[in-house]
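What follows is calculated from the coordinates using simple rules that are stated; it is not laboratory data. Small disclaimer: the values here were computed from a predicted structure and weren't measured. Neighbour counts run over all protein chains shown; Cβ positions are idealised from the backbone, glycine included.
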Amino acid sequence: MALTLLVIAGLINYLDRSTLSIANKSISEEMNLTAAQMGLLLSAFSLPYAFAQLPMGVMLDRLGNRVMLGAGMLLWSVAQLAGGLVQSLNQFFAARFVLGVGEAPQFPAGAKVFGDWFALHERGRPTGIFVASTTIAPALAPPILTLLMLHFGWRGMFIIMGVIGILASIGWYALYRDRRDVKLEPEEIDYLSGVERSASDENRMTFAEWGGLFRERTTWGMLFGFMGVIYMVFLYVTWLPAYLQQERGLSIAESGWVLMIPFIGGTFGQLCSGVVADKLLARGMSPIVSRKWPICIGLVFAAVFTVPAAFTPNLVLAITYLTLAMFFVNLASGGSWALVSVAAPRRLVASLGSIKNFGGYFGGSAAPLVTGIVVDQTGSFVIALLISAVVSVIGALAYLFVVKSPIADPADQTASA
């Protein structure tokens, strides 16, 4: 039940994020926006989303997933609906700002759900399934959102998606229960947390413990490494429709269907990430290493396939390379979230996930803006794609050399001192 609800929320989350990129050309024409202005508008979501991650982890670990994700879904859905009613660029900025704040609990909440309700040896697969919503939704977005836009206009598309999200937020709050609100038998707790679980496992996180996460090497490796993932992912999510229309000459209808191909590749990458991580763990690798290697391999090969995609004049080859790049960067993305649930004590998982997500989106928020500026200056996406490849490799190096060991429970360290 928890996984199903999370996947539904994730699909709506990324469909809502995709509305602006799908309607990029129509909105730009109606509101007379340059590529740089559109890039700034696309980034207006990611910066508040990034900074909202920091308090969000604390709030999730203290208040629970039921309240925080339910409230977040409601807030982002109202903002999505408001996007269909805007009359000026500043109003659009405000709607995207609120959308970013509202969506902040989604993925740290997912990491916490898996830490709460799934045993260590089985967390990889459900994490991969959940995070696959980040590519399934963009794959479905072009035909679904394009159809809505063609029938109801881009404003109607925004409003319809907002109403769907409001209904989903009510469903989440009505059906989901936090682990601390459910009475579990001792053997169930042993299965979920392990018989050698921390004595402080059920304690609420303190603000001092949250601050202590920033003194951990693993935290910083995950924070900077995830920038490599999100920069490339966010470039594709926000600019790929415009890239296909402007650089490759496809119509809106044609690009709507072609866009599905790279995101289907990304979906397979997400699903494979959990399977690979769990198999490596079963073969004797430590939980950290079993999650880290798919991330590093994914980021390196995402860069490897992005470079020829930038230079080939052939549309079929370009889509093939982009699909492979999406497969590998999403292999890394799924692995990065699987890493969160094994890199910290259960009661700190949401906080670590939110810090990591802050880093990813703080760095990744530059992708839409940098891409818009590059396209304005050069009239091409080539340099923008090469920049994303470089950032991806840097992210792999951060995971490889900085993330070494799990974070110990600070309460246990205090007790043993």
Additional length obtainable on full extension of the chain from VAL402 to VAL289, 0.36 nm per residue less Cα span: 39.5 nm
J(HN,Hα) series, segment 56-61, from Karplus relation 6.51 cos²θ - 1.76 cosθ + 1.60, nearest Hz, glycine and proline x: 5, x, 4, 5, 5, 5
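Would you mind ranking MET56, MET68 so that the residue whose beta carbon has the fewest other beta carbons within 10 Å leads the list? All intermediate terms of the calculation are to be shown ahead of the outcome.
Values: MET56 29, MET68 24.
Sorted ascending by nearby Cβ count, the order is MET68, MET56.
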R0 of 25 Å, Cβ-Cβ distance ALA94-GLN377: FRET efficiency to nearest 0.05: 0.35
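To the nearest whole percent, what portion of all C-alpha pairs in the chain is separated by more than 36 angstrom? Spell out each step's value before the answer.
On the way: 17653 of 86736 pairs.
Here the long-distance tail beyond 36 Å is 20 percent of all Cα pairs in the chain.
Please give the contour-minus-distance gain from ILE166 to GLU29: 0.36 nm per residue of separation, less the Cα-Cα distance, rounded to one decimal in nm.
Between ILE166 and GLU29, full extension yields an extra 46.4 nm.
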Sum of -39500 (n - 2.57) over DSSP H runs of 4+, divided by residues of the chain (222 nm, nearest 500): -27500 deg cm²/dmol
Farthest positive-ward along segment 16-152 dipole, Cα basis, beta-carbon charges - from PHE97, LEU69, LEU148: LEU69
Mean separation of Cα contacts under 8 Å, 6 or more apart, over the residue count of segment 39-133: relative contact order %: 38 percent
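Given +1 on the Cβ of Lys and Arg, -1 on the Cβ of Asp and Glu, and no further charges, what dipole in debye does the chain carry about its Cα centre, rounded to the nearest 20?
On the way: 26 positive and 24 negative charges, 49 e Å.
Around 240 debye, computed over the chain.
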Residue among VAL7, GLY360, SER251 farthest towards the positive dipole end of the chain, charges placed on Cβ: GLY360
Integer Hz, Karplus 6.51/-1.76/1.60 couplings in order for segment 242-248, x for Gly and Pro: 5, 4, 5, 7, 8, 7, 10
Span from the segment 257-299 Cα centroid across to the segment 1-78 one, whole angstrom: 24 Å
Relative contact order (%) - criterion: Cα under 8 Å, at least six apart; region: the chain: 28 percent
